[in-house]
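See structure below.
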């Protein structure tokens, strides 16, 4: 009886151990499956994040590419605009310089011709002295020609320099004689030997005068 009881106890222990082993194996299997499921989920999330990042990088790349292309175009436009402005400024400077040179050349040429005409005017004035009231047709014709000549010179910009009775000014007058005269003022021009002329704002010829000390 005692041996049979022991045999039964042994068999119960083996059954319990078998049950415990199966239970342990089931738990290990469940843990493994849960772990694999977790790993699969993490991998899926990582892949999804990677795909999103790649898509974002692609989109940003396209944006920056377009922006870079646009910036390059704007730079070319600015460069061409700057070139046009420079060329326009250079042309404007050239035009002004050409006009100034042309004007200077005209002034020099006109001044040279007028200087050669002045001795003719001097001779007219010398020949007409004392003939103002003459009724001689020749004298009257000379006076008419002289007036026409002086009118033409005036229209061209030539005007006589005022000298007699004015104070001596070296910018307009050339003193060839000095005289002591108590009735005249200091540095007053008392006599004019040769009339001076202006061409616009330039002295064409200085007046040749006598100055009182």
Query raised in the report: From 111, 100, which residue is in contact with a strand residue (DSSP E or B) (Cβ under 9 Å, 6 or more places away or on another chain) and modelled with pLDDT under 90?
Result: 111
Requested in this report: Look at residue 144 and say whether it is loosely packed, with under 15 Cβ neighbours inside 10 Å, in contact with a strand residue (DSSP E or B) (Cβ under 7 Å, 6 or more places away or on another chain), at pLDDT 90 or above and not in a loop (DSSP other than H, G, I, E, B).
Outcome: no
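Of the residues 131, 105, which is modelled with pLDDT under 90 and in contact with a helix residue (DSSP H, G or I) (Cβ under 6 Å, 6 or more places away or on another chain)? Before the answer, list the steps.
Details: 105 fails: in contact with a helix residue (DSSP H, G or I) (Cβ under 6 Å, 6 or more places away or on another chain).
Exactly one of 131, 105 is modelled with pLDDT under 90 and in contact with a helix residue (DSSP H, G or I) (Cβ under 6 Å, 6 or more places away or on another chain), namely 131.
Does residue 138 meet the test of being in a helix (DSSP H, G or I) and more than 47 Å from the chain's Cα centre (by Cα)? Step through it out loud before you land on a result.
Working: in a helix (DSSP H, G or I): yes; more than 47 Å from the chain's Cα centre (by Cα): yes.
Yes.
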Report task. Identify all residues within segment 124-135 that are within 59 Å of the chain's Cα centre (by Cα) and surrounded by 11 or more Cβ atoms within 10 Å (Cβ to Cβ); write none if there are none. Result -> 124, 125
Requested in this report: For residues that are within 48 Å of the chain's Cα centre (by Cα) and touching a residue at least 12 places away in the same chain (Cβ under 8 Å), tally how many sit in segment 141-175.
Outcome: 13
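The values are calculated or read from the model by the stated rules, or taken from the named source; none is laboratory data. Since the model is a prediction, treat every value here as computed from it, not as a measurement. Cβ atoms come from the backbone with ideal geometry, glycine included; neighbour counts cover every protein chain shown.
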